[in-house]
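A.B. asks: Handing you this structure, nothing more for now.
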Amino acid sequence: MSDLLRHAWVIARKDLVIELRSRTAFVSTLVFTVLVLIVFNFGRDPTATAVLDLAPGILCVTFTFAAMLALNRAFQLELENQALDGLLLTPISRRSIYLGKLIANLAFVGLVEAVGLPLFVVFFNVPVGHVLPALAGLIALATIGFVAVGTLFSAMVIRTRFAELMLPVLQLPFSIPPLVLAVLATAKLFTGRPLDESLGYLKLLAAYDIVFIGLSTLLFPATVEE
Amino acid sequence: MSEVIPQNAGYMVAAYIVTAIIVLAYAASLYRRTRGR
Amino acid sequence: MTLASRGRAVTLVALLLLVGVYVRALAFTPLERFQGAAQKIFYLHVPAAWSAMLAMALVGLASVLYLLVKDPRYDRFAAASAEVGTAFCVVMLTTGPLWARPVWGTWWAWDARLTLTLFLFFLYIGYLLLRQAVPDPGVRARYSAVLGICGTVLLPFIHLSVYLFRTLHPQPIVLKPSAPSLPGVMLVTLLYSFGVFTLLYIGFVMQRYAVGEEGSHV
């Protein structure tokens, strides 16, 4: 078990080091996130709809797009460096590879979200201070579910034609449950509802995460074996 | 509650026709593809 | 007789029986009082839904079996079931709104059932697209199996999410229950239709499986 985690961490660190060296991908994803937020702002009539009605949707959809972009970048990186083939030759278990990639993707997306959330608060003037821990936990749970499936699929689409198109097409149905649950819970948090009203959604998110991380870990070897 | 039955047979006809088209089209496609097997 | 010709025979019988369903539903089953003639769409919509769901469940099962034993016949079956399921899904997606419009007053509603239908359709399309996009048969089989399993596990989550979403935004229109307690005549028509659609599924899958035999593009 400790081998599994240790190897996963080695792989995650390798991916993240590559990221930090160039930083282009991170900055681009961040810029994209900001642009989406801006577009959402101009996409609404400020006199007609209260920000608080749209805010949960705006936040969650923006983060979904950012995460998609991040997953695409992870897959592009693979393609360029063919690092995956090299990894497969090592004695490291397939499950460690999946977990390592998952951790790296989560770290990347998490960082983008950590910068994106304050920007969201500033742009839309949504008070989140009092619910920040719950909100952060909620975003984390939803992101984990989304990225878990995305990491699995991005390994798959490498060997398909039209890979950049296939990833979103395959991925999006799987992003709906985390997205819906996140929007529902976020709406409760933003409107100041007591925490236990969101608890049900959070539990479901956690269930989704556990099921799909487990399933993806199980299935990942099938996507890379020869 | 008035006992007037809603007059919406048009939708029923449309649905029955559309279903027939889809089923028959698919059956025809399979028939063509399995010819000679 | 080859599989293909037996499949054709089964399909032909099912199609003839389907004519019987049409006749029975349209001419010999009474009108439902509150929904009118449109209610009869139910005799096609619900069995089609059953076939579409059955097809997906079998895709999931075949996918698991393929990954366990790597027998390419399971993969070929999954491909066949997926294509046939898609056809029934299209029937479901077209008859659904045609039923919803007169009965609920709207072509579409984001309720649990209709939304699940839509997602089932996207899963099928994704599955078929994936198969088209992978040239190598072994890789294709593995990838399809992964998607098939993930998709089947996803469906209950979709249903649950949509259900939760709906209860927070209640419809102004009262939803008519689809089948509270069907009078005998209607029940018989429905069951008959179920049988016919199942037979149709079997005939279609037999033929589609036979098409896959030469393996060029399953």
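A.B. asks: Here is a list of conditions, (1) surrounded by fewer than 20 Cβ atoms within 10 Å (Cβ to Cβ); (2) β-branched (Val, Ile, Thr); (3) away from chain C (no Cβ under 14 Å); (4) under 29 Å from C:TYR127 (Cβ atoms), and A:VAL122 meets all of them except one; can you say which number that is?
C.D. replies: Status for A:VAL122: all satisfied but (4).
A.B. asks: Moving on. When the range A:118-138 is examined, which residues are found to be without any contact (Cβ under 8 Å) to a residue 40 or more places away in the chain and aliphatic (A, V, I, L, M)?
C.D. replies: Selection gives A:VAL121, A:VAL122, A:LEU132, A:ALA136.
A.B. asks: Need a quick list: helices (runs of 4 or more DSSP H) entirely within the range A:60-166 having at least 1 residues that are out of contact with any Ser or Thr (no Cβ under 9 Å at 6 or more places or on another chain) and at pLDDT 90 or above.
C.D. replies: A:94-124, A:132-157
A.B. asks: Separate question: Would you mention how many residues in the range C:39-82 are buried (at least 24 other Cβ atoms within 10 Å of the Cβ) and under 18 Å from C:GLY7 (Cα atoms)?
C.D. replies: So the answer is 7.
A.B. asks: Can you tell me which residue among A:PHE174, A:PHE123 is touching a Leu at 6+ places or on another chain (Cβ under 8 Å) and over 19 Å from A:LYS101 (Cβ atoms)?
C.D. replies: A:PHE123
A.B. asks: Quick one: is C:ALA4 at the interface with another protein chain (Cβ under 10 Å from one of its Cβ atoms) and over 30 Å from C:LEU114 (Cβ atoms)?
C.D. replies: So C:ALA4 passes the test.
A.B. asks: Same structure, new question: Out of all the residues in the range A:78-97, is one or more buried (at least 18 other Cβ atoms within 10 Å of the Cβ), in contact (Cβ under 8 Å) with a residue 24 or more places away in the chain and within 23 Å of A:LEU205 (Cβ to Cβ)?
C.D. replies: no
A.B. asks: If you go through the range C:32-60 one residue at a time, how many are more than 13 Å from chain B (Cβ to nearest Cβ) and without any contact (Cβ under 8 Å) to a residue 60 or more places away in the chain?
C.D. replies: 1
A.B. asks: What tally of residues in the range C:92-131 results from selecting those that are more than 13 Å from chain B (Cβ to nearest Cβ), free of Cβ contacts under 8 Å to residues at least 24 places away in the same chain and either over 17 Å from the mean Cα position of the chain (by Cα) or more than 16 Å from C:PHE42 (Cα to Cα) (or both)?
C.D. replies: Residues meeting the conditions: 4.
A.B. asks: If you don't mind, another one. Mind listing just one residue for me: the one in the range B:13-36 that is of a type in the set (Lys, Arg) and assigned to a helix (DSSP H, G or I) and, of those, farthest from the other protein chains (Cβ to nearest Cβ)?
C.D. replies: Per the stated criteria, the residue is B:ARG32.
A.B. asks: Name the pairs: first residue in the range A:139-154 and more than 10 Å from A:ALA206 (Cα to Cα), second residue crowded, with 24+ Cβ neighbours inside 10 Å and of a type in the set (Lys, Arg), Cβ to Cβ under 6 Å, at least 6 apart or on different chains?
C.D. replies: That search, which allows pairs on different chains as well, returns A:THR151/A:LYS101.
A.B. asks: Follow-up. State the number of residues belonging to the range C:132-150 that are under 18 Å from A:LEU165 (Cβ atoms) and more than 7 Å from every other protein chain (Cβ to nearest Cβ).
C.D. replies: Looking only at that region, the number is 4.
A.B. asks: Of the residues C:THR11, C:THR29, which single one is assigned to a loop (DSSP other than H, G, I, E, B) and either more than 28 Å from C:VAL103 (Cα to Cα) or more than 7 Å from chain B (Cβ to nearest Cβ) (or both)?
C.D. replies: C:THR29
A.B. asks: Could you please give the count of residues in the range A:1-56 that are part of a helix (DSSP H, G or I), within 28 Å of A:LEU88 (Cα to Cα) and of a type outside the set (Ser, Thr, Tyr)?
C.D. replies: Residues that pass the stated criteria total 21.
A.B. asks: Name the one entry in A:ALA185, A:ALA207, A:ALA163, A:ALA140 that is surrounded by 23 or more Cβ atoms within 10 Å (Cβ to Cβ), of a type in the set (A, V, I, L, M) and in contact with a helix residue (DSSP H, G or I) (Cβ under 9 Å, 6 or more places away or on another chain).
C.D. replies: None of the other options fit; the residue is A:ALA185.
The values are calculated or read from the model by the stated rules, or taken from the named source; none is laboratory data. Source: prediction; values computed, not measured. All Cβ positions, glycine included, derive from the backbone under ideal geometry; neighbour counts span all protein chains shown.
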